[in-house]
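Peer 1: Could you have a look at this structure, given as structure tokens, before my questions?
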There are 2 protein chains.
Amino acid sequence: MVELICSPSFTLLLITIALKMNFNNLSDMIPLDLASEVLSLLETHHLPKKHLLHREGRICRHIYLIQKGVARTFFYKEGKDITVHIAAEGELITAIDSVISLKRSRYNVELLEDSEVHALSYQALHSLLEKHPHYEKYMRLILEQLYAEGADRIEEFLFYSAKERYDNLMNNKPGLLNRVNLGHIASYLGITQETLSRIRKSP
Amino acid sequence: MVELICSPSFTLLLITIALKMNFNNLSDMIPLDLASEVLSLLETHHLPKKHLLHREGRICRHIYLIQKGVARTFFYKEGKDITVHIAAEGELITAIDSVISLKRSRYNVELLEDSEVHALSYQALHSLLEKHPHYEKYMRLILEQLYAEGADRIEEFLFYSAKERYDNLMNNKPGLLNRVNLGHIASYLGITQETLSRIRKSP
DNA sequence: TACATTCTTTGACATTTGTCAAAAGGCAGG
DNA sequence: CCTGCCTTTTGACAAATGTCAAAGAATGTA
């Protein structure tokens, strides 16, 4: 039993990585020593709603794992804020335009509820990989999975109407509706709040 | 001088990888032995316009590097074909929904000109990485870059109008216009051919 | 060159989505 | 419980994009 030998965070990390990879059998995929090493790098924080995990204009040096709560990545376009990513329990969030390239970010990362998050320094992760190159394989597997997910989201915009995109989101992440403002969900879907409101009414 | 010690394909591969990573100094980034090993895995083919590098319903087991020519990934939605990716010289193309997961693909990969392509077996690449785990790092760097590119394309749909997306494409890949049917470009931008035609007229 | 085929543009109109303004609803703090 | 703030819905209208049909342009082939 994984639970018996792991702290809650450790278990969560294992599960998170496993989910990202769509595998059922954890122990087959992720070696315990990797999970353990990564765990030792995490810093856990309890933070209030509206706290910014990352602020635009700065270089983002962390990846955040949501233990409890919800967060979104957004930025401003002509005064309006646009949500590009939403993450809940067990998911990862960061300023993707900065953490890899180390350029200044256009994004903000904001908590939408009082939350508990684990911060993973990207630099520390790199050092870990430097020290144990055999872990690189798992990073690659996770990135392959993330890349495929990104491709799916692009597909959504190419073939699905706003209503279909909303329906898909509801099927894939029910529950999100009750926790995230419809305005944020609308911009995440690439539409206005008014249009989303009307879509929700229609049969 | 890289050219002096490399075959054209070898040079191309180096440059391709380097471009994907947005780095200027090739030798700093990609070790020659890796490039050389990958080169040994490539199978070069000369193929005619309209040839399908990959057909939907099958499992895709290769990544293709375009040496000369243009290719697109597309699939059918309600009878119409929709282009999801376009690659020209020095770029990579594959059925991304299949090559990682080994599921049956919804995509076709089609040549738009008589082309010369290098096929890289994903299995062979995995074996290579298995044998030389220290290469994993470079795979990860490439994937990180690809992931960030995907995030940029999602952003395009979130904040830019059809006209702005067209203008961006023209700025980033001029030349594509003369080689790819406007119908394919339209679906790649997520609009109809008629709308693209009108956008091109407008000031 | 002439023909057939494919690609691109145009027109008329329908549908979807956006914009602006205001009203209605929900929730937290006093 | 009231008040004020934030969220969500609604209405009227504008703008963007899609659909269908047809004409025009370009291209390849006999």
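Peer 1: For the stretch B:72-100: of the residues being farther than 21 Å from B:Asp152 by Cα, within 16 Å of DNA strand C (Cβ to nearest atom) and of a type outside the set (D, E, K, R), which is farthest from the chain's Cα centre (by Cα)?
Peer 2: Ranking the candidates gives B:Gly79 first.
Peer 1: Being assigned to a helix (DSSP H, G or I) and either more than 16 Å from DNA strand C (Cβ to nearest atom) or surrounded by 15 or more Cβ atoms within 10 Å (Cβ to Cβ) (or both) is the requirement here; does A:Glu149 meet it?
Peer 2: The answer is yes for A:Glu149.
Peer 1: For the stretch B:168-189, give me each residue that is over 29 Å from A:His85 (Cβ atoms), among the small types (Gly, Ala, Ser) and open to solvent by less than 30 Å² (accessible area, probe 1.4 Å).
Peer 2: Matches in the stretch B:168-189: B:Gly183 only.
Peer 1: What is the residue count in the stretch B:17-43 for residues that are open to solvent by 70 Å² or more (accessible area, probe 1.4 Å) and at pLDDT 65 or above?
Peer 2: 3
Peer 1: Return the residues of the stretch B:168-203 that are touching a residue at least 40 places away in the same chain (Cβ under 8 Å), more than 10 Å from DNA strand C (Cβ to nearest atom) and within 14 Å of chain A (Cβ to nearest Cβ); say none if nothing qualifies.
Peer 2: If the condition is that a residue be touching a residue at least 40 places away in the same chain (Cβ under 8 Å), more than 10 Å from DNA strand C (Cβ to nearest atom) and within 14 Å of chain A (Cβ to nearest Cβ), then B:Ser187, B:Tyr188 are the ones that fit.
Peer 1: Which condition does A:Phe157 not pass, out of (1) at pLDDT below 90; (2) assigned to a helix (DSSP H, G or I); (3) facing chain B (nearest Cβ under 9 Å), if it passes all the others?
Peer 2: A:Phe157 satisfies all of (1) at pLDDT below 90; (2) assigned to a helix (DSSP H, G or I); (3) facing chain B (nearest Cβ under 9 Å) except (1).
Peer 1: Does any residue of the stretch A:190-199 turn out to be away from DNA strand D (no atom under 16 Å from the Cβ), assigned to a helix (DSSP H, G or I) and open to solvent by 50 Å² or more (accessible area, probe 1.4 Å)?
Peer 2: No - not one qualifying residue is present in the stretch A:190-199.
Peer 1: Of B:Arg106, B:Arg165, which residue is basic (Lys, Arg), open to solvent by 20 Å² or more (accessible area, probe 1.4 Å), in a helix (DSSP H, G or I) and in contact (Cβ under 8 Å) with a residue 24 or more places away in the chain?
Peer 2: Just one listed residue meets the conditions, B:Arg165.
Peer 1: Is one or more of the residues making up the stretch A:171-183 among the charged types (D, E, K, R), in a strand (DSSP E or B) and within 15 Å of DNA strand D (Cβ to nearest atom)?
Peer 2: Looking through the stretch A:171-183, none of the residues is among the charged types (D, E, K, R), in a strand (DSSP E or B) and within 15 Å of DNA strand D (Cβ to nearest atom).
Peer 1: Additional query: Would you list the strands (runs of 3 or more DSSP E) that sit entirely within the stretch A:56-95 and hold 2 or more residues that are closer than 28 Å to B:Ser161 by Cβ?
Peer 2: A:71-77, A:80-87
The values are calculated or read from the model by the stated rules, or taken from the named source; none is laboratory data. Everything numeric in this text was worked out from a predicted model, so none of it was measured. Neighbour counts run over all protein chains shown; Cβ positions are idealised from the backbone, glycine included. All accessible areas refer to the heavy atoms of the entire protein, side chains included, with ligands and DNA or RNA removed. Shrake-Rupley method; radii C 1.70, N 1.55, O 1.52, S 1.80 Å.
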